Structure formats: structure tokens, C-alpha cells
Amino acid sequence: MTENIVDQEKLQERLVANKFNAWMGLKITKLDDHSIEITMNWREEMISNPKARWTHGGILGALVDVTADFMIAAKVGAPAPTVDLRTDYHRAATPGNLRAVGKIIKIGGTFSTAEAEVFDAEGKLVASGRGVYFTASIKK
């Protein structure tokens, strides 16, 4: 596995420069050459079903996307456009902060692939997914 070319502090600055990511309260809590960990501060506005109090699936999908993309960004220098994204939902995410862990599948010259898992406050897997990113668009 290649080494990261962007450190955690610079990646965090880039992460929250996106207003949606900042609204989600995303914070990189761990970054090494093999994985990234991003936490998300839960907000009432994230509820999709007011009676059940479940977190909207789009929020979970966004967290999968951002986590996978920023693991790739650590390797190639910047986030890349998403080409394809798959998210699987394993259980309802109820109110509480979330933690996502991302790992590289493959870094390529044109396209790169990474995966992410999202865990609830109790450490239970709530969603997972894989994204393909257009890394040829990154100016080296």
C-alpha cells in the first residue's frame, strides 16, 4: 500500500471546507496508511422517520461516500469525483454520533476504489459501501 501524501490536519481542513460536511460535523479522528476514521455528530435534522427516529439513509450514504473518498484523497492529494457508489443498510441508525472507517481497495491511474463501514454509538454496523472515484481528474 502506498503512503499517504496528505496529513490528517490538511485533510481535515479540506473535509470541512465543504459546507455539507461541516454541517454533518465530520471530524477525522484517525488516519494511517491503511485506514481513515471519520466521526459524524448526529443532528435532529437527520431524522427520516419522526416516529421511529431513524437517521435518513442519504446521510449514511453520504458518510460512506465521504469516508471512502477521503481515504483515497490521503493517497492522491485531493478528493475525487464519485463515479459509482453502492451503500448497503444493515440496521436502522437511531439518534447518536456515528463513526465510519474507510479502506482502499485499489488506487488506479484513472479510477480508484475504496470502501467504508458506518457504526452507531454502540459500535454496531449500520451501513457499508464501496465507491469508485475518478482519480485521473486530480492535478498532480
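Every read-out reported here was derived from the displayed coordinates using simple, explicitly stated rules and does not represent laboratory data. All values reported here derive from a predicted model rather than from experimental measurement. When we count neighbours, we look across all protein chains shown, and the Cβ atoms used for this are built from the backbone with ideal geometry, even at glycine.
DSSP loop trypsin sites (Lys or Arg not before Pro) in region 3-86 with at most 14 other Cβ atoms within 10 Å of their Cβ, which ones?
Working: sites: Lys10, Arg14, Lys19, Lys27, Lys30, Arg43, Lys51, Arg53, Lys75, Arg86; in loops: Arg43, Lys51, Arg53.
Hits after loop and neighbour filter: Arg43, Lys51, Arg53.
Once the Cα gyration tensor of region 8-137 is found, what semi-axes does its equivalent ellipsoid get, as square roots of 5 times the eigenvalues, in whole Å, sorted largest first? It would help to have the intermediate numbers written out before the result.
Details: eigenvalues 117, 44, 32 Å².
Whole-Å semi-axes of the equivalent ellipsoid: 24, 15, 13.
Rounded to the nearest 20 Debye, what is the dipole magnitude of the chain about its Cα centre when Lys and Arg each give +1 and Asp and Glu each give -1 at the C-beta?
In total the dipole reaches around 220 debye.
For region 1-53, which GluC sites (Glu not before Pro) are both in a DSSP coil and crowded by at most 13 other Cβ atoms within 10 Å?
Numbers: sites: Glu3, Glu9, Glu13, Glu37, Glu44, Glu45; in loops: Glu3.
Within region 1-53, the qualifying GluC sites (Glu not before Pro) (loop, at most 13 other Cβ atoms within 10 Å) are Glu3.
Tabulate in residue order the Karplus-calculated ³J(HN,Hα) for region 105-114, using 6.51 cos²θ - 1.76 cosθ + 1.60 with θ = phi - 60°, rounded to whole Hz; enter x for Gly and Pro.
9, 7, 9, x, x, 10, 10, 10, 10, 9
Going down the table (Lys30/Lys75; Lys10/Lys75; Lys106/Lys139; Lys103/Lys139; Lys10/Lys124; Lys10/Lys106), which pairs top 24 Å between alpha carbons? List each step's numbers first, then the result.
Numbers: Lys30/Lys75 15 Å; Lys10/Lys75 13 Å; Lys106/Lys139 19 Å; Lys103/Lys139 22 Å; Lys10/Lys124 30 Å; Lys10/Lys106 22 Å.
Pairs exceeding the cut-off: Lys10/Lys124.
Multiply the residue gap between Thr29 and Lys106 by 0.36 nm, knock off their C-alpha separation, and tell me the result in nm, one decimal place. Please report the intermediate quantities before stating the final value.
On the way: separation 77, 0.36 × 77 = 27.72 nm, distance 2.27 nm.
Stretched fully, the Thr29-Lys106 segment lengthens by 25.4 nm.
Which whole-number percent gives the relative contact order of region 8-137, counting Cα pairs below 8 Å spaced six or more residues apart? Please report the intermediate quantities before stating the final value.
On the way: 291 pairs, mean separation 31.5, N = 130.
It rounds to 24 percent for region 8-137.
Figure the gain on full extension for Phe20 and Asp7 (residue separation times 0.36 nm, minus the Cα-Cα span) and round it to one decimal in nm. Numbers along the way, then the final one.
Values: separation 13, 0.36 × 13 = 4.68 nm, distance 2.17 nm.
Answer, rounded to one decimal: 2.5 nm.
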